[in-house]
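K.L.:
Encoded as structure tokens, here's the structure I'll be asking about.
Read the figures in this text as sums done on the coordinates, not as results from a lab. Source: prediction; values computed, not measured. When we count neighbours, we look across all protein chains shown, and the Cβ atoms used for this are built from the backbone with ideal geometry, even at glycine.
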Amino acid sequence: MTTQPIRLLLIEDNPGDARLIQETLRDAPVNVELEHADSLKKGFALLDEWRFDAVLLDLSLPDSHGLGTVSRTRQQAPELPIVVLTGLNDETTALQAMREGAQDYLIKGHVDSALLLRAIRYAIERNRMQSALHALSLLDDLTGIYNRRGFMTLAEHQMKLARRRLVGFYLIFIDLDGMKLINDQYGHPAGDRALIATAQLLSDTFRGSDVVARMGGDEFAVVTTEANGHGPAPIIARLETAVCRYNAQHPADPPLSISCGAVFFDPEQEVPLENLIEEADRIMYENKRAKAACR
């Protein structure tokens, strides 16, 4: 059985230190694939393009110096463990680097292949455990999709990506109509099933790369780039078709009905995420009132 290689990104501007790390990892008893960048900017470009298991990071680079290098890298790749490699034998700096998000801190010239590999493996495993615990706090207990905290975290990250790539997205706010009536007439278990069904419809309608969340109660939200250039109408229509199909397939259950409001995030505009949510919520309620008036 072939062991998957460990893919590492080394961000180090000193050619001698980079060569030493490469030679040290060459002696490792496992397959290690190492990419090297000599600046933070080049490292970020590689992080955008390739998948890595961990980052080996020097603190003194041509375009970044000190502990800010760690925090900038964490912002760029929050899911990756960072092992700091530095010539500074300073416990205070080491502790501060860990507070900034590094998983470990190693001194150049004092590292052999066994120590370096062990640090990398532990960093990957600790990061995996932390990510699993973090994910639990970001998921809605009832529906299994993201909760409000998860939505805010991932949507903020999507905004940063959008600004960097100059590609906007739509934020869609969705309300499950008549939730109180469902609870009153059919009972709270039926209300829970309606929420679970709505979450599943959203997950099935939107792409895996979109952010789908239950914001609380009967309110849901989605961040999607799918509708770019076409407006949100086609994807909302597809969602409403999925709701109609669900109702036809589950005639014994309370029928589902949704109201939606969508706003576009322009990456060239400095608009806070909370403002986008409030505007999408306002549009959703306007559409809900218009729907009720037509009945």
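K.L.:
Starting from 0.36 nm per residue, how many nanometres of slack lie between Ile107 and Gln249 once their C-alpha separation is accounted for?
P.N.:
Length difference between fully extended and current span is 44.8 nm.
K.L.:
Can you tell me what share of the DSSP beta bridges in the chain is antiparallel? A percent to the nearest 5 is fine.
P.N.:
55
K.L.:
Within 10 Å, Cβ to Cβ, of Asp140, how many net charges do the neighbouring residues add up to if Lys/Arg are +1 and Asp/Glu are -1? Don't skip to the end; give the middle numbers.
P.N.:
Numbers: positive: Arg148, Arg149, Arg214; negative: Asp141.
Taking every Cβ under 10 Å from that of Asp140, the sum is +2.
K.L.:
Okay, moving on. Quick one: putting +1 on the C-beta of Lys and Arg, -1 on the C-beta of Asp and Glu, what dipole do you get for the chain around its Cα centre, in Debye to the nearest 20?
P.N.:
That gives a dipole near 520 debye.
K.L.:
Could you please rank Tyr105, Tyr246, placing first whichever residue has the fewest other Cβ atoms within 10 Å of its Cβ?
P.N.:
Lowest count first: Tyr246, Tyr105.
K.L.:
Straight-line reach from Lys288: which aspartates and glutamates have a Cα under 17 Å away, not including same-chain ones fewer than 8 places off?
P.N.:
Asp175, Asp177, Asp218, Glu219, Glu240, Glu278, Glu279
K.L.:
Another question, if that's okay. Compute the separation of the alpha-carbon centres of the stretch 187-219 and the stretch 1-38 and state it in Å as a whole number.
P.N.:
About 44 Å separates the Cα centre of the stretch 187-219 from the one of the stretch 1-38.
K.L.:
Mind sorting out which of (1) 1.25; (2) 1.12; (3) 0.95 is the real Cα Rg over 2.2 N^0.38 Å computed from the coordinates?
P.N.:
Structure-derived value, by its label: (1).
K.L.:
For the stretch 128-186, with the dipole built from +1 on Lys and Arg beta-carbon atoms and -1 on Asp and Glu ones, taken about the Cα centre, which of Met129, Ala155, Val167 lies farthest toward the positive end?
P.N.:
Val167
K.L.:
Quick one: putting +1 on the C-beta of Lys and Arg, -1 on the C-beta of Asp and Glu, what dipole do you get for the stretch 28-163 around its Cα centre, in Debye to the nearest 20?
P.N.:
Value, rounded to 20: 300 debye.
K.L.:
Here is a further query. Using the membrane-span-like helix rule (whole DSSP H runs, Cα extent along the own axis of at least 15 Å, mean Kyte-Doolittle hydropathy at least 0.0), which helices of the chain qualify?
P.N.:
Working: long enough: 15-26 (16 Å, -0.69); 113-138 (37 Å, 0.28); 148-165 (25 Å, -1.11); 188-205 (25 Å, 0.04); 233-249 (24 Å, 0.21); 273-293 (30 Å, -0.80).
Span-like helices, by this rule, are 113-138, 188-205, 233-249.
K.L.:
If you don't mind, another one. Using alpha-carbon positions, what is the distance between the centroids of the stretch 48-66 and the stretch 148-168, in Å?
P.N.:
That distance is 21 Å.
K.L.:
Quick check: residue separation of Ser71 and Glu286 times 0.36 nm, minus the Cα distance between them. What number comes out in nm?
P.N.:
Result: 73.2 nm gained on full extension.
K.L.:
Among Glu268, Glu156, what is the fewest-to-most ranking by other Cβ atoms within 10 Å? Walk me through the numbers on the way to the answer.
P.N.:
On the way: Glu268 8, Glu156 11.
Fewest-to-most ranking of Glu268, Glu156: Glu268, Glu156.
K.L.:
For the stretch 1-80, give the share of DSSP beta bridges that are antiparallel, in percent and rounded to the nearest 5; count only bridges with both residues there.
P.N.:
Given both bridge residues lie in the stretch 1-80, the antiparallel proportion sits at roughly 15 percent.
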